[in-house]
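Engineer: The following block contains the structure, expressed as structure tokens.
Coordinate-derived values only; no laboratory data. Everything numeric in this text was worked out from a predicted model, so none of it was measured. We place every Cβ from the backbone using ideal geometry, glycine too, and count neighbours over all the protein chains shown.
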Amino acid sequence: MNRYFDLHCDTPTTLYRTRTPWKNAVTHVSPQSMSVFDQAVQCFAIFLDDTRPKQDFSYLCRVYNFFFSTLNQPNLTALFTVEGGGAAMDPELQNLDRLANMGLRMFGLVWNGENPLATGAVQNQSTGLTSLGKTCVRKLEQLRILPDVSHLSDRGFRDLAAQTHGPIVASHSNARALWNHPRNLTDDQAREIILRKGLIGLNFYPRFLGDTPGIEDILRHADHFLDLGAENCLALGGDWDGIDTLPREITGPESIPILKEKMRDRYGDTLTEKILYQNAAMRFNPGGYLWHCT
């Protein structure tokens, strides 16, 4: 069976901007690109730009209602996630309870700015979680919502790790040891995620991969994480519809079969299936409380 699991795309926000329903989508993630899989699970992030004050909880709800009400595809299971979620939080974190009731599965505290919970990695690596941010990550653990550290500052990562005991996810980040960008993970961060049995999603954005990258560069980052012990933690986090360029040989999720063949030649069938589906499926339980698009 041709199965696929991806930890991050910005498709809901992209479609909301033009009020384009799912059936008419020509985005990276679309009915056509998902049709190449027998079974696909996609984490659909609602993205909040925390450099724009008007993108708040009410905005998040408008995107959620528009996107998920139009989503309908039998082979696709959709997971509701949030990126830059601090922009939608109130001082009592009641909105976090509301998001949990809406089916939220993964929560990124910050994007590239600052918000009531945290500071983004490209903004300031030395500023950590706020007091409310620390309370938030403890509550996420109680609610069994996975924390996403892909945009979090280095200090914020340490703060989050100190406040929690469960799995940590970097939904769309690569290896800083191979490409020195603040959005990529240090080896120590990757080891912490591996230790906690979390997930690392390989990001396809060329700026996080290397100079003029292609599939081979994606595999180089995979090799590095595997050398650190990520066999049971490595996954895909394409950053679809959140990036303006793609690596050579990649046009969207429809190119994953090409990547799969190269992975099979390099890693064999078992490890390839883990990276493309099983590792993420083990953390998110696709048979559980997901939004099934039927």
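Engineer: In µm²/s, what is D for the stretch 3-289 at 4 °C and 1.567 mPa s, where D = kT/(6 pi eta Rh) by Stokes-Einstein and Rh is the Kirkwood radius from Cα pairs?
Structural biologist: Numbers: Rh = 18.6 Å.
After rounding, the answer is 70 µm²/s.
Engineer: Two decimals, Cα atoms only, Kirkwood Rh: what is Rg/Rh over the stretch 1-131?
Structural biologist: Radius of gyration over Kirkwood radius for the stretch 1-131 works out to 1.00.
Engineer: Using 0.36 nm times the number of residues separating residue 282 and residue 265, minus their current alpha carbon distance, what extension gain do you get? Write out the running numbers ahead of the final one.
Structural biologist: Values: separation 17, 0.36 × 17 = 6.12 nm, distance 2.40 nm.
The span from residue 282 to residue 265 would gain 3.7 nm if fully extended.
Engineer: While we're here: Computed over the Cα atoms of the stretch 142-294, what is the convex hull's projected area averaged over all directions, in nm²?
Structural biologist: Here the figure is 9.5 nm², rounded to one decimal.
Engineer: For the pairs 139/260; 134/262; 197/260; 23/197, flag any whose C-alpha to C-alpha distance is greater than 32 Å.
Structural biologist: 139/260; 134/262; 23/197
Engineer: Placing +1 on the Cβ of each Lys and Arg and -1 on the Cβ of each Asp and Glu in the chain, which of 235, 59, 246 has its Cα farthest towards the positive end of the resulting dipole?
Structural biologist: It is 59.
Engineer: May I pose another question? Add -39500 (n - 2.57) for each DSSP H run of 4 or more in the chain, then divide by its residues: what number comes out at 222 nm, to the nearest 500 deg cm²/dmol?
Structural biologist: Result for the chain: -10000 deg cm²/dmol, rounded to the nearest 500.
Engineer: Can you give me the C-alpha center-to-center distance between the stretch 1-69 and the stretch 78-154, rounded to a whole angstrom?
Structural biologist: 19 Å
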